[in-house]
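A short write-up of the structure that comes next.
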Amino acid sequence: MAEDAGTPLPFVRILVTGADGFVGRHLVPALAARLAPGARMVLATREPGARGAGEQGRAGERATREEIAFDLTDPASVAAAVRAVRPDLVVHLAAQASVGQSLNAAAGTWAINVGGSLTLATALAEHAPACTLFFVSSVEVYGLSFNAGVAREDTAMWPQSSYSRSKAAAEWMLADVLPRTARLIVVRPSNHSGPGQDERFVIPAFAAQIARIEQGGPAEIAVGNLDAERDFMDVRDVIAGYIGLLTRADTLPPRNVFNVASGRTVRIATILATLRGMSRVPTTVVTDPARVRPSEVPLAAIDAAAFRAAAGWAPRHAIEETLATILDDQRARIAHG
């Protein structure tokens, strides 16, 4: 299990990028609950104050949000934010996070995931050289190395998409550009999902189609490749692990890489079958060629023993529970337009 709820974070000035993304909307309240007395958390956003009332967040969180203008494509904006906050922790979530989207938007993916991260690292080196940077990468960096067996942190990176190549490049770049006085924590999470994730990702894509069918839409669920086997986690477990690691960050060495995974794999076909079993109406399945992405990795198994030990963590949510929360979330979204 992760650290107990009373353990404060060992940081006093925290800057979070990508706070309004899927993971950010779950992580920000968890970070806020662990702030030490007198500590502050600042959310870096392109449009401060722009989040709508309908988006996720704990009650009252929006009223206490401290935000700062921040655009990863604008070095002056990033430098100004870092100079103003002088963070001792940066949680860097901002990214183009969809493998599928990266197939047709390689330039934009590299511009944000590598160019934007370089801009941030440069600003930190100048204005906050003793900070800790918590960078969220992905197990996708292992790519074809999965075909040789279980991936560990020392497994060779062999990425196979613009997204995964950009994440691998960003890891190397950050290790080079950040000064030795800075601590770098790279986490490589496996697939994780939960309420609020959009339909670019496989589980909410299935769930949203089922929810539309329940509302009277056509009974067909359009799918891509169902044979791949992946390690899926509940976003709540991922957040608990991140918090557990961050509470212990001051005990870590200057450079760190951790896989974050449940240690269990499941076929996409099993995910779909479980969701169909939760449907309130009959459904059928059809293959949509547009959803079939080329994949040379039938099984992606991950060893996360180092992260479990460092964070004092183990996942708690069964895949069936995760799927039920996602389906209920999509039902609510589709019912309310």
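Where a number appears in this text, it was derived from the coordinates with a stated rule and is not lab data. Bear in mind the structure is a predicted one, so any value in this text is a computation, not a measurement. Here the Cβ positions follow ideal geometry from the backbone for every residue, glycine too, while neighbour counts run over all protein chains shown.
Could you work out how far helix 117-127 tilts from the main Cα principal axis of the chain, as a 0 to 90 degree angle to the nearest 10? The angle comes out near 20 degrees. For residue 121, the shell of other residues with beta-carbons less than 12 Å away shows a net charge of -3, using +1 for Lys and Arg and -1 for Asp and Glu.
Taking a sphere under 14 Å around the Cβ of residue 327 and counting the other residues whose Cβ falls inside, with K and R at +1 and D and E at -1, yields a net charge of -2. All other residues whose Cβ lies under 10 angstrom from that of residue 223 are scored, Lys and Arg at +1 and Asp and Glu at -1, for a net of -1. Considering only 170, 211, 141, the residue lying farthest towards the positive end of the dipole of the chain is 170, judged by Cα position with unit charges set on Cβ. Summarising the strand pairing of the chain, around 5 percent of its internal DSSP beta bridges are antiparallel. Comparing 269, 94, 240 in a Gaussian network model of the chain, where Cα atoms under 10 Å apart are tied by springs, the biggest mean-square fluctuation is seen for 269.
Against the main long axis of the alpha-carbon atoms of the chain, helix 22-32 sits at an angle near 50°.
Roughly how big is the chain's charge dipole about its Cα centre, with Cβ charges of +1 (Lys, Arg) and -1 (Asp, Glu), in debye to the nearest 20? Don't skip to the answer; put the middle values down first.
Details: 33 positive and 34 negative charges, 68 e Å.
Dipole size: approximately 320 debye.
Largest GNM mean-square fluctuation across 276, 291, 248, computed for the chain with C-alpha springs under 10 Å, falls on 291.
Cβ crowding within 10 Å ranks 180, 230, 293 as 180, 293, 230, fewest other Cβ atoms first.
This ranking places 317, 336, 26, 192 by how few other beta-carbon atoms lie within 10 Å of each, fewest first, which gives 336, 317, 26, 192.
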